[in-house]
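The values are calculated or read from the model by the stated rules, or taken from the named source; none is laboratory data. As the structure is a prediction and not an experimental result, all values here were calculated from the model. Counting neighbours? That spans all protein chains shown, and the Cβs are built from the backbone with ideal geometry, glycine included. Side chains included, ligands, DNA and RNA excluded: accessible areas come from the protein's heavy atoms. Shrake-Rupley method; radii C 1.70, N 1.55, O 1.52, S 1.80 Å.
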Amino acid sequence: MTYRCARVGGAGVGVERAGRLLIAGVLVLFSSAAGPAIAADLAEARKLFHAGRYDECRTAAAKTIADGEWLEDWRQVKIEAELARGEYEAALATLEEALPRYPSSIALRYLGRRVYRMNGRSQDAERLFAEIEALANRTPWRYSDPAGLVILGRVLLERGADPRRVLEDFYDRAKSGRADYVEAYLAAADLALEKHDFALAAESLEQAIKITPDNPDLYFKLALAYAPSESEKSAEMLEQALSRNPRHVESLLFQADDRIDAERYDEARALIDQALDVNLREPRAWAYLAVLAHLDADPQGERLWRAAALSSWPANPEADHLIGKKLSQKYRFAEGAEYQRKALQLDPGYLPAKAQLSQDLLRLGEEEEGWRLAAEVYARDAYDVLAYNLMTLHDRLEKFRTLEALEEDGGGFIVRMEAREAEIYGDRVLMLLQEAKEKLCAKYDVTLEKPIVVEIFDQQKDFAIRTFGLPGGAGFLGVCFGSVITANSPAAQGASLSNWEAVLWHEFCHVVTLHKTNNKMPRWLSEGISVYEERQENPTWGQAMTPVYRKMILEGELTPVSKLSGAFLNPPSAAHLQFAYYESSLVVEYLIDEYGLETLQRVLTDLGAGMPINESLQRYVGSLQALDDEFAAFARNRAESLAPDAEWEQPELPPTAGVADWEAWTAEHPKNYLGLQILATKLIEAERFEDAKAPLNEMRRLYPDAIGADNPDVLLARVHRQLNETEEERAVLAELASRSADAGDAYVRLMELAAAEEDWPAVRENAERMLAVNPLVRTPHEQLAQSAEALGDDDSAIAAYRVLAMLDPLDPAETHYRLARLLHRRGDAAAKRHVLIALEEAPRFRAAHRLLLEMVEGEKEDDAEASKAR
C-alpha cells in the first residue's frame, strides 16, 4: 500500500530546518581515507558480528583501536558487540572515550543514545539526540551522504515528522546516492513494519538481501514481514537468519514468542535461555519470562522477571508493552491493559502501548476510552495502518443500529448491526442470544454481571479490522474476546454460507467459559467446548466425523491432548485447522463421557484460579500420557465406526476413464465409496439418470450420515427431479435437511415442494432453517409469512410480511395487502398505510379496495360511536 498524505505533527524547529536544508542540498558522497587493509579488517570484524561471534568481534576491534587506529567505525563495531553481549558499562566507556574524538559524528551519537538508555541514563540519551539536531542545523551539507540521510531520517521519525516525507526525501535519496547501501533499505523496512505495511517491508528487505545476503537481521525482519500472511515463508526466513547466526537474539526470541502462542512453554524457556546465554541482560528475554510466570500463576516470579527486564533501563516502556501484548494474545485483556498502562506511565508518548491499550479496551467492552485512545494514536500517526483502519471502522459503526436487551442485574446484550440487517433479523439475534444465555450459563454455573456486546458486520473487512486490527482473517466467522463478540453476517460470507445461529451459539459459549476461567483457558479447550455445545443444542450444528477426518486420524495426524493448542498455530492447511476444532470437541466429549460434566467444570474452576491445564487434567484423569493414549483409542474407534462397510481407497483409474470403465471397476469394488461417487457423477453427466440411482443408493447405504455439497442425497435428489419423481425427491431432501445446518438449496426446494402440496408445517420448518442460513433473501420470509398465515399464527405472519416488504418482493401489492389484512384483523391502525401502498402499486387491486372500504366504514362507525358518547 502507499501511505496516506495527511500531515503528522511537526518535529522541532531545528529538525524541520535540518530537513529543509538536506532536501534542498546536493548529495555528497564521502570516501574513507582508510587503506584497503584496514577496510578489509573492518569487513572481517563485521562478518564476525553477523555470525554471532561477538567476543571475537569485540576483541578484534579493541586490539585495532589499541594499535592506534583512528577510524570511527571500529568504535561503533566495538560498541555494537558489547551491547550484543549485555556489556552495557563497557559500551558506555567506549562511547564516552569516542564522543570527544568525533565531535561531528551523528552515527556515533545515534548509537550512543541506545548505550545511555541501557545504562539507565535517559537524559544523556536525549542530549545526544539534541546534539544530532544541532549538528544537522549547523552543517547540513556534512550529512547529505547516504549514511547521514538514513540517520537523520530515523531521528526525524522519532521526533514526529511526516513518514512519507522521510521515506521519499531521506531513505529514497540515500538509495539514489548509493544503490547498494543496505541501511537505507533496512530503514525503509523498519518504517513499513512500524506502520504495519508488511508488503512494503518485504519488498525493501528482499532488495537488501540481494546486496548483503549474509546479514541475519535482514532475514529476521523479513520473517516479521511475512508472519501475518505467509507463515511458511516466515519460518523459512527465520531458519535463514539462524543458519547465519545461531546466536541471533531477535530470532531466538521470535521463536520463543511462537512457542508461547502454541503453549509449548518448555520449548519457549529453552529458547529464552539461549538468548540469555548471549545477553544475560536482554530486557525482552526477561519480559518473556515474566509472561511465562504469569501463565504459570507465579506472581512472585512475574514481578521478579519484570524487575530484571527493567534493571538496565528502568524507563523502558517496551518491556511492559511486550508483557501486556503477549497476555492479550492469551485473551487476558484486563491484565494486558494493566501492563500497557504501566508502559505509558514510563513513557506517555509510547504509541505502541497506547495502540495496544486501545484494542484491549475495545475488546473488554470499555469502548469510550478505547476509541478515544485509538483517535489519539491516529492523530499522532495518521500513517499507521492499524490506527487508520480503526478510525475508519469507528465512522462506520456510528451508522449501525443498536439493539438492547438489558437486565436488572446488569447483564443482557447490546447488539450492533447494519441498520437494514437489524430490521430484518435483529430480533432473531436477540432471541437466540437470550436462549443461549439461559441454557449455557445455568449449565456452567456462570453469572454475567454486565452486558455482552455483539457486533455483526455486513462487510468482512470491517469484521477483520474490529477483530484483528487489519484486513484478512478470511475463514473466520466469529470471534469472542470475553465480553465482546464479533461476527460476520451472511452478507459478509460470500457464496459459501454458514449457519449464523450456530456461529453465535458457539461464540456465546466462549463468553461463558471465558468468564468461568477469567479468560485463563487454552484455546483447544475453549474451542472444543464451544463446538461440543453446538452439537448438544442442535445435532446439525458443530462438526461431525467426515472421511477426511477419518483418514487423518487413522494415518496418525491426531495431536496429543497435552499439545493440542499447537494444532491451531500455523496449521498446514485449512483442513488441518478445521480438524483441530473437531478434535478439540472430541476431547471434550471424551472427558464428559468418561469422567462426567462435573469434572470438566472442576477443570474450568482450576483454570480460573490460575492452574495450568495439564496440571488440572492430571488431578482428575491421571497421567497425561495415559490421557493421550486413551483419547487416541477413543478417536480411532470413532473414526473406524464411520461407514464401516465402505472402502475408502483411492481408485486407480486414469482421468480419461469413461462410464464403462467405471462400471467395470465398481463391479469389482462394489463398496468403494469414491468409485461409486465418480460413477454416479459420470452417469448423471451422461443423462443416464435411472442408472445413476443404484450407485447413489449404495453410497447412502454405506455412509448414511454424509453431508456436504457432493453427498449422495444432493445427487439423488437431482436424479429424481430429472425423472419427475417428486415424492422421492422430497423424501431424499428431507433426510438431508434433517442432518445439515446449511443446506440452503435443499431448504428452498423443500419449501417449494411443500407449498405446492399446502403442507404448511413443512413449509414453515424449512423457512426457519433457511433463515438461520441467510435471512437476507426474500424466499424464506415469503414462505414463512404464507405458512404462518395459513396456520393461524398472525404474529409470525405479520413479522415475516414486514420483513418481506423490505426485500423487494415479487408482488409488492400482494405483500402489503396481506400485511394490511392481518393488521386490520387485530385493529392496528398501520393497516391503512399498507393497503394504500398496495393500491399505489396496483390501483385496480379489487381485494385491496374492498379492504380499504371496510376500514373506512369501520372508521365511520367508530366516529359515530364517539359522537354518541359525547
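For region 743-833, which whole-number percentage of the solvent-accessible area (1.4 Å probe, protein heavy atoms only) is attributable to carbon and sulfur atoms?
Within region 743-833, the accessible surface is 45 percent carbon and sulfur.
So how exposed is Glu89, as accessible area in Å² (1.4 Å probe, rounded to 10)?
For Glu89, solvent-accessible area is about 110 Å².
Cα axis of helix 624-640 to longest principal axis of the chain: angle in degrees, 0 to 90, nearest 10?
The helix 624-640 is inclined about 40 degrees to the chain.
With θ set to phi - 60° and the Karplus curve 6.51 cos²θ - 1.76 cosθ + 1.60, what are the ³J(HN,Hα) couplings of region 178-191 in order, to the nearest whole Hz, using x for Gly and Pro?
7, 5, 9, 7, 4, 4, 5, 5, 5, 5, 5, 5, 4, 4
Return the long-range amide H neighbours of Phe457 (sequence gap of 5 or more, or a different chain), with a cut-off of under 5 Å between placed amide H atoms.
Placed amide hydrogens put Ala487, Asn488, Ser489 under 5 Å from Phe457.
Which net charge results for the neighbourhood of Leu406, defined as the other residues with beta-carbon distances under 15 angstrom from its beta-carbon, given Lys and Arg at +1 and Asp and Glu at -1?
-2
Quick check: with the 1.4 Å probe, what order do Glu302, Glu408, Glu398 take by accessible area, largest first? List each step's numbers first, then the result.
Numbers: Glu302 25, Glu408 195, Glu398 130 Å².
Correct descending sequence by accessible area is Glu408, Glu398, Glu302.
Express the relative contact order of the chain as a whole percentage, based on alpha carbon pairs under 8 Å and six or more residues apart in sequence.
Relative CO of the chain lands at 6 percent.
How would you rank 535-545, 512-522, highest first, on the average number of other Cβ atoms within 10 Å across their residues?
Working: 535-545: 17.5, 512-522: 22.3.
The packing order, highest mean first, is 512-522, 535-545.
With every protein chain kept in the model, how would you rank Phe634, Phe413 by accessible area, 1.4 Å probe, largest at the top?
Phe634, Phe413
In Å², what does the accessible area per residue of the chain work out to with a 1.4 Å probe?
Working: 38620 Å² over 870 residues.
I get 44 Å² per residue for the chain.
Compute the helix-to-body angle for 231-244: its Cα long axis versus the longest principal axis of the chain, expressed 0 to 90° and rounded to tens.
Its long axis makes an angle of about 20 degrees.
Once amide H atoms are built 1.01 Å from N in the peptide plane, which residues 5 or more positions from Asn672, or in another chain, come under 5 Å H to H?
For Asn672, the qualifying residues are Glu647.
State, to one decimal in nm, how far the label point of Thr447 lies from the label point of Arg718, with both points 7 Å from Cα in the Cβ direction.
With each label point 7 Å from Cα toward Cβ, the separation is 5.6 nm.
Which net charge results for the neighbourhood of Ala201, defined as the other residues with beta-carbon distances under 12 angstrom from its beta-carbon, given Lys and Arg at +1 and Asp and Glu at -1?
Overall, the nearby charge balance is -3.
Gly412's amide H: which non-local residues (gap 5+, or another chain) put their own amide H closer than 5 Å, with H modeled 1.01 Å from N in plane and none for Pro or chain starts?
Here the answer is Glu407, Ile452, since their amide H atoms fall under 5 Å of that of Gly412.
Count charges around Val453 for me, please; just the other residues with Cβ under 13 Å from its Cβ, Lys/Arg as +1, Asp/Glu as -1.
-2
For Lys47, list the lysines whose Cα falls under 21 Å from its own Cα; do not include residues on the same chain fewer than 8 positions away.
Within the straight-line cut-off, Lys47 pairs with Lys63, Lys78, Lys210, Lys221.
Decide, for region 634-763, between rounded, prolate and oblate: order the square roots of the alpha carbon gyration tensor eigenvalues as a ≥ b ≥ c, take rounded if a/c falls under 1.5, and otherwise choose prolate if a/b is larger than b/c, else oblate.
oblate
Considering only Cα-Cα distances, which of the following residue pairs are longer than 21 Å: Lys195/Lys354; Lys325/Lys563; Lys233/Lys520; Lys326/Lys450; Lys325/Lys443?
Violating the 21 Å Cα-Cα cut-off are Lys325/Lys563; Lys233/Lys520; Lys326/Lys450; Lys325/Lys443.
Determine the gain in length on full extension of the stretch Ser311-Arg833; use 0.36 nm per residue of separation and subtract their C-alpha separation, reporting nm with one decimal.
In short, 180.4 nm is gained.
Going by the alpha-carbon gyration tensor, a ≥ b ≥ c the square roots of its eigenvalues, is the chain rounded (a/c under 1.5) or, if a/c is not under 1.5, prolate (a/b greater than b/c) versus oblate?
prolate
With every protein chain left in place and a probe of 1.4 Å, what is the accessible surface of Ser530, to the nearest 10 Å²?
0
Region 671-750 to region 336-358: how many Å between their Cα centroids?
When both Cα centres are located, 58 Å separates them.
Mind running the shape call on region 693-777? Use the C-alpha gyration tensor, a ≥ b ≥ c as the square roots of the eigenvalues: rounded below 1.5 for a/c, prolate if a/b tops b/c, oblate otherwise. Walk me through the intermediate numbers first.
Numbers: a/c = 2.23, a/b = 1.39, b/c = 1.61.
Oblate, because a/c is 1.5 or more while a/b does not exceed b/c.
Cut-off under 20 Å on the C-alpha distance; same-chain residues fewer than 8 positions from Lys860 excluded. Which aspartates and glutamates are left, in chain and number order?
The qualifying aspartates and glutamates are Asp828.
Using DSSP, restrict attention to beta bridges with both residues in the chain and report what percent are antiparallel, rounded to the nearest 5. Kindly include the intermediate steps, with their values, before the conclusion.
Values: 9 of 20 bridges.
Looking only at bridges with both residues in the chain, the antiparallel portion is about 45 percent.
For Tyr595, Tyr171, what's the largest-to-smallest order of accessible area, 1.4 Å probe? Please report the intermediate quantities before stating the final value.
On the way: Tyr595 60, Tyr171 0 Å².
Result, largest first: Tyr595, Tyr171.
Can you list which of the GluC sites (Glu not before Pro) found in region 586-676 are DSSP loop residues with at most 12 other C-beta atoms within 10 Å?
Glu649, Glu652
So if I take the alpha carbon set of region 310-457, get Rg, then get Rh from the Kirkwood formula, what is the Rg over Rh ratio?
On the way: Rg = 18.2 Å, Rh = 17.2 Å.
Checking Rg against Rh, the ratio lands at 1.06.
How big is the accessible area of Lys354 in square angstrom, nearest 10, if you roll a 1.4 angstrom probe over the protein chains?
Spelled out: Lys354, probe radius 1.4 Å, area about 30 Å².
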